[in-house]
Each structure stands twice: as C-alpha cells, then as structure tokens.
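S.K.: Here it is: the structure, laid out below.
Computed from the coordinates by the stated procedures, all read-outs in this text should not be read as laboratory data. Computed from a prediction, not measured in an experiment: that's the story for all the values here. Don't worry about glycine lacking a Cβ; one is built from the backbone with ideal geometry, like all the others, and counts go over all protein chains shown.
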Amino acid sequence: RIVHVNGEFLPEASASLSIFDRGVLFADAVYEVTAVLDGGLVDFDAHQARLRRSLAELAIDFDPVAAGLIDLHRELIRRNDLQEGLVYLQISRGVADRSFLQPANIRPSVVLFTQAQTLLDAPAAQSGLSVITRPDKRWHRRDIKTTQLLYPSMMKTLANEQGADDVWMVEAGHVTEGSSSNAHIITADGSLVTRPTSEDILHGITRAAVLDYARETGAEVIERPFTVAEAQEAREAFITSATAFVTPVVAVDGVPVGDGRPGPATRRIRAHYIDHSR
Ligand code: PDD
C-alpha cells in the first residue's frame with residue numbers, strides 16, 4: 001500500500017511518524033473517514049467542512065484547501081487503485097517535546113492511508129446488527145472528531161465478547177450514538193427519530209444526508225433524544241456512518257426490534273443513499 005505522510009507518498013513500510021507527535025502522546029489530533037465507491041470519494045466536501053470545524057475547535061492551524069487535501073485523497077486512491085473502501089485522514093497538532101501546554105507554531109502532521117473494504121455488499125446490510133447498550137463515558141465534546149477513541153473501542157470489543165455486533169451508548173437514559181456511528185429509530189407511526197446535533201454526538205455526514213432524504217420524501221423527521229425502551233419498541237432501527245452507510249439494527253440488548261429482521265424503510269433509505277453516493 002502507498003500512504004501519504006507530510007507531503008510525501010511512500011510505501012507503508014517506509015512511512016513513519018515521530019514518537020513525539022502530539023497525536024501519539026495526547027490524542028491531540030483530528031481525523032476523517034471518507035468512503036470510496038467506484039474509485040470516487042463520497043461526500044468529500046461535507047467531510048472537509050467538518051474537518052475545518054474540528055481543527056478550529058482545537059485551534060490546530062491547518063487549511064485543508066490550501067493543503068490540497070482533495071487532490072491528496074484522489075492521488076492516493078489512484079496510486080492504490082482503490083475501487084471500494086475508505087480514505088483515512090489524520091491531522092495532529094504536530095511534533096514537540098511532551099508538555100501539557102499546547103505548543104504554538106508547530107507544523108501539523110498529516111497522514112492519509114487507504115483501506116480496501118467491502119461496503120456495498122457488507123453482510124450486516126442483510127443480517128442487521130445486534131447492539132448492546134452501555135453508559136456513555138466519553139468526554140463531552142463528541143462533536144469534535146478527535147482520535148481519542150479508547151472508550152468506544154473498548155465498548156465495541158466488549159459487545160463482540162458478548163456475541164453482539166456493536167454498542168449503543170446511553171447518557172441520562174437516552175441513546176447518544178454507536179461506537180462509530182449515529183443511531184436512529186423509526187417509530188410505530190413511521191416517524192424517523194434521531195438525537196439532535198449538539199456537543200453530545202458527532203455531527204454525522206451520513207446522518208445529515210439521510211435526514212435530508214427522509215424530509216424530501218415527506219417522512220416525518222423528529223430530532224429528539226430517544227430511550228433504550230423506545231428503540232426496543234420501535235418498528236425499525238438503524239445506524240449511519242461513512243463506511244456502514246445505512247445499516248439495520250435488529251436487536252437492542254437482546255430484544256428484537258420489529259420482527260427482528262431488517263425493515264423496509266431502512267432498506268429503502270440505504271438503497272437511496274447508495275444511489276446518490278456513486
Ligand atoms: N466514524 N458517531 C461517531 C462516534 C463516529 O465515529 C462516526 C463515524 C459517526 C458517523 O459519522 P459519519 O456519517 O460522518 O461517518 C458518528 C468513522 C466512520 C470511523 O471512526 O471510522
């Protein structure tokens with residue numbers, strides 16, 4: 001695989017990052033994951049806009065447009081002949097001696113790599129996911145896409161050990177999001193209910209696209225927090241993310257959602273999302 005580090009394209013075995021990188025020492029870094037379908041980027045502009053926001057919130061001085069990020073993405077896809085999968089981008093504050101005081105005037109580190117992955121025919125799209133719920137113990141700026149992913153990674157692993165596919169995190173009785181996805185339900189009356197954006201959740205790019213589509217089709221979209229019990233009583237449930245697209249959730253803490261199989265609305269939304277992403 002060819003990767004990109006700080007202005008250079010090189011084989012992954014030759015790529016390196018300083019052990020003093022603030023991304024390594026403090027998770028002082030932000031990232032984006034953009035899906036690739038048919039060799040093209042899905043919704044790059046929205047990812048770039050969110051990246052700008054994450055960088056601004058952490059006062060990391062990096063201009064994605066001036067850096068030609070879109071061209072770096074495209075060149076990396078070309079060099080790896082990637083048809084389907086993702087591009088991972090990470091920007092850290094840069095390299096400095098370890099200090100809790102964030103150093104000024106250091107050069108951000110830029111890393112990009114590709115990962116080939118089956119997205120369109122992912123088995124979970126057919127089978128649906130079972131999720132378990134756990135308290136959301138992450139920090140309270142989940143709207144910033146930092147590389148501080150230890151808790152969701154622990155919870156995903158725990159879910160796996162318990163025979164489930166993923167976790168839905170819960171705060172004050174309401175679902176926040178999945179380990180790396182936004183959470184949604186379709187209630188008995190057919191409304192799409194999803195948590196509003198705030199500092200509590202990542203402002204998902206896929207979430208926004210799906211809500212736009214649902215509204216266009218005349219569906220009722222209600223942005224409010226929902227409980228675990230509501231999810232268990234829902235007609236359908238699903239997650240959204242750049243790489244999962246729209247994936248059904250068929251059980252919550254062992255309780256089947258609807259008839260325990262992927263539902264028609266989720267299938268329709270997934271198909272529409274994919275059509276409009278290629
Ligand atoms: N994760 N919520 C969290 C906590 C996430 O990590 C993600 C994405 C999302 C969905 O956002 P989007 O639709 O913009 O991908 C929601 C990526 C895919 C990852 O970490 O791999």
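S.K.: So if we plug the beta-carbon distance of His140 and Ala49 into 1/(1 + (r/R0)^6) with R0 = 22 Å, what FRET efficiency do we get, rounded to 0.05?
M.R.: Once the sixth-power term is evaluated, E becomes 0.45.
S.K.: Return Ser14, Ser54 ranked ascending by Cβ neighbour count within 10 Å, so the fewest neighbours appear first.
M.R.: Going from sparsest to densest Cβ surroundings: Ser14, Ser54.
S.K.: Quick one: if the Förster radius is 22 Å, what FRET efficiency do Asp259 and Ser153 give, using the C-beta to C-beta distance and rounding to 0.05?
M.R.: Computed FRET efficiency for Asp259 and Ser153: 0.10.
S.K.: What is the Cα radius of gyration of the chain over 2.2 N^0.38 Å, N being its residue count?
M.R.: For the chain, the normalised Cα radius of gyration comes out at 1.02.
S.K.: Here's another thing I want to ask about it. Quick query: amide H of Glu236 versus all other amide H atoms, modeled in the peptide plane; which residues come in under 5 Å with a sequence gap of 5 or more or a different chain?
M.R.: Ile186
S.K.: Debye sum, Cα scatterers, segment 123-275, no solvent: what log₁₀ I/I(0) at q = 0.13 1/Å?
M.R.: Rounded to two decimals, the profile gives -0.51.
S.K.: What residues have an amide H closer than 5 Å to that of Thr176, excluding those fewer than 5 places away on the same chain, when H is modeled at 1.01 Å from N in the peptide plane?
M.R.: Under 5 Å from the amide H of Thr176: Met169, Val170, Glu171.
S.K.: Roughly how far apart, in whole Å, are the Cα centres of segment 136-176 and segment 98-112?
M.R.: Measuring centre to centre over Cα atoms gives 27 Å.
S.K.: Something else now. What whole number of Å gives the distance from the Cα centroid of segment 210-249 to the Cα centroid of segment 11-64?
M.R.: 27 Å
S.K.: So, one more: For a quick check of your reading of the filter: which chymotrypsin sites (Phe, Trp or Tyr not before Pro) in segment 26-111 sit in a DSSP loop and have no more than 15 other Cβ atoms within 10 Å?
M.R.: Of the chymotrypsin sites (Phe, Trp or Tyr not before Pro), the ones in loops of segment 26-111 whose Cβ has at most 15 other Cβ atoms within 10 Å are Phe100.
S.K.: Is it possible to state the helix-based mean residue ellipticity at 222 nm for the chain, with each DSSP H run of 4+ residues giving -39500 (n - 2.57), the sum divided by total residues, to the nearest 500 deg cm²/dmol? What is it?
M.R.: -8000 deg cm²/dmol
S.K.: Give the order of Thr266, Thr146 when sorted by the count of other beta carbons within 10 angstrom, beginning with the fewest.
M.R.: By the 10 Å Cβ count, ascending, the order reads Thr146, Thr266.
S.K.: I've got another one for you. Using only the alpha carbons of segment 2-116, determine the length spanned along each of the three principal axes and report them from longest to shortest in whole angstroms.
M.R.: Reported extents, whole Å, longest axis first: 44, 31, 21.
S.K.: From the backbone phi of segment 148-153, what are the Karplus-calculated ³J(HN,Hα) couplings (6.51 cos²θ - 1.76 cosθ + 1.60, θ = phi - 60°) in whole Hz, Gly and Pro given as x?
M.R.: So the J values, rounded to whole Hz, are 7, 10, 4, 5, x, 5.
S.K.: Continuing with this model, one more query. Output needed for segment 90-210: three equivalent-ellipsoid semi-axes, defined as square roots of 5 times the C-alpha gyration tensor eigenvalues, in descending order, whole Å.
M.R.: For segment 90-210, the ellipsoid semi-axes come out as 30, 18, 16 Å.
S.K.: Oh, and also: Just subtract the alpha-carbon distance of Arg107 and Ala13 from 0.36 nm times their residue separation and send over the number in nm, one decimal.
M.R.: Result: 31.5 nm gained on full extension.
S.K.: Could I ask something else about it? For Ala242, what residues show an amide H to amide H distance below 5 Å, using hydrogens built from the backbone and excluding near sequence neighbours?
M.R.: Thr206
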